[in-house]
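Participant: Questions regarding the structure given below will be posed in turn.
The values are calculated or read from the model by the stated rules, or taken from the named source; none is laboratory data. What you are looking at is a predicted structure, and each value in this text was computed from that prediction instead of being measured. In this analysis, Cβ positions are derived from the backbone assuming ideal geometry, glycine residues included, and neighbour counts consider all displayed protein chains.
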Amino acid sequence: MIYPWHQESWQKLTSCQDKLPNAWLLIGQRGVGKRTFARHLSTALLCENPSSPFVACGKCQSCHLSSQNSHPDLYELTPIIEDEDNAKKLLQIKIEAVRKMIESVHLTPLRAKRRVVLIHPAESMNVQAANALLKVLEEPSDTVIFILIAHSRDRLLPTIKSRCRQFLLPTPPRSEALAYLRKNKVEHAEEKLAFYGGSPLLVTDEDYGDLHEEFLHILTAPKLLLILNIAEHFDKSKLPLSLFLDWFHKWLIDLIAVSQGCENVFYPQHRTRLAELVEDIQILPLFALYDKVTNLVPYGQHTLNVKLAVESLLIDYLKLTLDI
Ligand SMILES: [Zn+2]
């Protein structure tokens with residue numbers, strides 16, 4: 001299965017007459033269906049009886065195993081979440097994991113005529129892991145095909161990119177994304193799609209309803225007591241700081257956009273209030289706060305003092321709006 005907005009991409013990929021590449025690199029915004037596309041591709045590559053190239057039969061044992069996500073010739077490499085309880089430590093793909101994968105995939109395929117390795121997101125490989133993978137990509141094997149998935153092309157080593165056939169998977173047009181969400185009975189589809197930057201598959205994630213609303217209420221009318229309360233709520237809910245940073249980052253981007261006379265993107269329902277706020281906000285401190293939040297984003301999954309971080313950032317925001 002692939003999403004309707006990727007049908008055209010699928011035609012393009014499969015109509016290429018060149019020899020199969022040793023590695024594909026699928027690039028696209030988070031939450032548009034890259035992994036689903038990659039699995040569809042791997043199913044076709046592993047099918048024992050394809051009706052034509054890239055068309056899996058859907059009946060053979062390999063197709064059955066692929067549909068169960070348990071094909072022995074499919075190897076998926078993803079970052080390991082060390083602490084699943086509070087999801088505060090999202091690890092990188094490290095060299096040990098890449099080495100283990102290399103040892104395994106060079107054995108003879110068990111069922112299909114080749115093995116497929118899915119790496120996602122490829123940018124989560126650290127430098128050592130990426131270099132270990134590069135060595136394999138430099139010595140292609142006829143029985144192994146790599147499919148790398150990346151949200152951000154810029155965070156991959158140029159040497160890795162140059163070894164892959166790169167393929168862009170587009171974000172669906174807004175009308176198509178909204179149609180998909182409405183079909184899935186998502187409430188407030190327009191607001192949610194805007195908040196998730198046009199990625200329909202992120203919208204079905206939990207939206208933290210009340211806490212997010214409480215947070216937005218504070219941003220529209222910040223008060224110290226409310227800030228202290230929400231910092232405590234956030235901490236007690238054991239949510240990672242990254243979630244707060246995402247919400248706040250998007251709000252600041254919207255404020256900056258409005259201050260520059262542009263349309264805001266993420267919170268269209270608060271457009272009027274954002275316009276009122278920027279009347280009194282000093283622009284330079286606003287940019288400084290935006291930079292501060294941006295710099296914290298890479299640490300959002302690590303254990304930090306969440307309460308203190310939320311308090312401190314929101315107090316900076318309060319100062320902005322107090323015009324001091
Ligand atoms: Zn098949």
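Residues checked against (1) in contact with a Phe, Trp or Tyr (Cβ under 8 Å, 6 or more places away or on another chain); (2) modelled with pLDDT under 90; (3) under 30 Å from Glu276 (Cβ atoms):
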{"residue": "Arg153", "(1), (2), (3)": "no, yes, no"}
{"residue": "Pro158", "(1), (2), (3)": "no, no, no"}
{"residue": "Glu187", "(1), (2), (3)": "no, yes, yes"}
{"residue": "His233", "(1), (2), (3)": "no, yes, yes"}
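Per-residue answers, yes or no, for (1) in the same structural domain as Pro240 (by TED's automatic domain parsing); (2) within 28 Å of Val310 (Cβ to Cβ); (3) free of Cβ contacts under 8 Å to residues at least 12 places away in the same chain:
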site: Leu178; (1), (2), (3): no, no, no
site: Asn184; (1), (2), (3): no, no, no
site: Ala189; (1), (2), (3): no, no, no
site: Lys192; (1), (2), (3): no, yes, no
site: Phe195; (1), (2), (3): no, yes, no
site: Gly198; (1), (2), (3): no, yes, no
site: Val203; (1), (2), (3): no, yes, no
site: His212; (1), (2), (3): yes, yes, no
site: Leu216; (1), (2), (3): yes, yes, no
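Participant: When both residues are 6+ apart or on different chains and their Cβ atoms are under 7 Å apart, which pairs have a first residue that lies in region 53-69 and is outside any helix (DSSP H, G or I), and a second that is hydrophobic (A, V, I, L, M, F, W, C) and more than 8 Å from the ligand (Cβ to nearest atom)?
Facilitator: Phe54/Ala44; Val55/Ala44; Ala56/Ala44
Participant: In addition: Check His212 against each of (1) of a type outside the set (A, V, I, L, M, F, W, C); (2) modelled with pLDDT of 90 or more; (3) part of a helix (DSSP H, G or I) and name the one condition it does not meet.
Facilitator: Unmet for His212, out of (1) of a type outside the set (A, V, I, L, M, F, W, C); (2) modelled with pLDDT of 90 or more; (3) part of a helix (DSSP H, G or I): (2).
Participant: When residues of region 99-135 are filtered for being β-branched (Val, Ile, Thr) and out of contact with any Phe, Trp or Tyr (no Cβ under 8 Å at 6 or more places or on another chain), how many remain?
Facilitator: Step one: list which residues in region 99-135 are β-branched (Val, Ile, Thr), which gives 102, 105, 108, 116-117, 119, 127.
If we keep only those that are out of contact with any Phe, Trp or Tyr (no Cβ under 8 Å at 6 or more places or on another chain) too, we end up with 102, 108, 127.
Here the count works out to 3.
Participant: Could you check Phe146 against (1) assigned to a strand (DSSP E or B); (2) modelled with pLDDT under 95 and say which number it fails?
Facilitator: Among (1) assigned to a strand (DSSP E or B); (2) modelled with pLDDT under 95, the lone unmet condition for Phe146 is (2).
Participant: Find all pairs meeting these conditions: Cβ atoms under 7 angstrom apart; at least six residues apart or on different chains; first residue within region 114-137 and in the same structural domain as Arg155 (by TED's automatic domain parsing); second residue of a type outside the set (A, V, I, L, M, F, W, C) and assigned to a strand (DSSP E or B).
Facilitator: Between residues of region 114-137 that are in the same structural domain as Arg155 (by TED's automatic domain parsing) and residues that are of a type outside the set (A, V, I, L, M, F, W, C) and assigned to a strand (DSSP E or B), the close pairs are Arg115/Tyr75; Val117/Tyr75; Leu118/Glu76.
Participant: Kindly provide the set of residues from region 38-52 that are part of a loop (DSSP other than H, G, I, E, B) and in contact with a helix residue (DSSP H, G or I) (Cβ under 7 Å, 6 or more places away or on another chain), ordered by number. Show your work before the answer.
Facilitator: Of the residues in region 38-52, the ones part of a loop (DSSP other than H, G, I, E, B) are 47-51.
Matches in region 38-52: Cys47, Glu48, Pro50.
Participant: With respect to Thr36, is the statement that it is at pLDDT 90 or above, among the hydroxyl-bearing types (Ser, Thr, Tyr) and within 16 Å of the ligand (Cβ to nearest atom) true?
Facilitator: Numbers: at pLDDT 90 or above: yes; among the hydroxyl-bearing types (Ser, Thr, Tyr): yes; within 16 Å of the ligand (Cβ to nearest atom): no.
No; evaluated as a whole, the condition is false for this residue.
Participant: Being more than 20 Å from Ile149 (Cβ to Cβ), of a type in the set (D, E, K, R) and away from the ligand (no atom under 13 Å from the Cβ) is the filter here; which residues of region 49-82 pass it?
Facilitator: Within region 49-82, the subset more than 20 Å from Ile149 (Cβ to Cβ) is 49-53, 55, 57-65, 68, 72, 82.
Next cut, of a type in the set (D, E, K, R) only: 59, 82.
Across region 49-82, the qualifying residue is only Glu82.
Participant: Tally time: how many residues in region 247-276 are within 18 Å of Lys292 (Cβ to Cβ), in contact (Cβ under 8 Å) with a residue 24 or more places away in the chain and not small (Gly, Ala, Ser)?
Facilitator: Number satisfying all stated conditions: 9.
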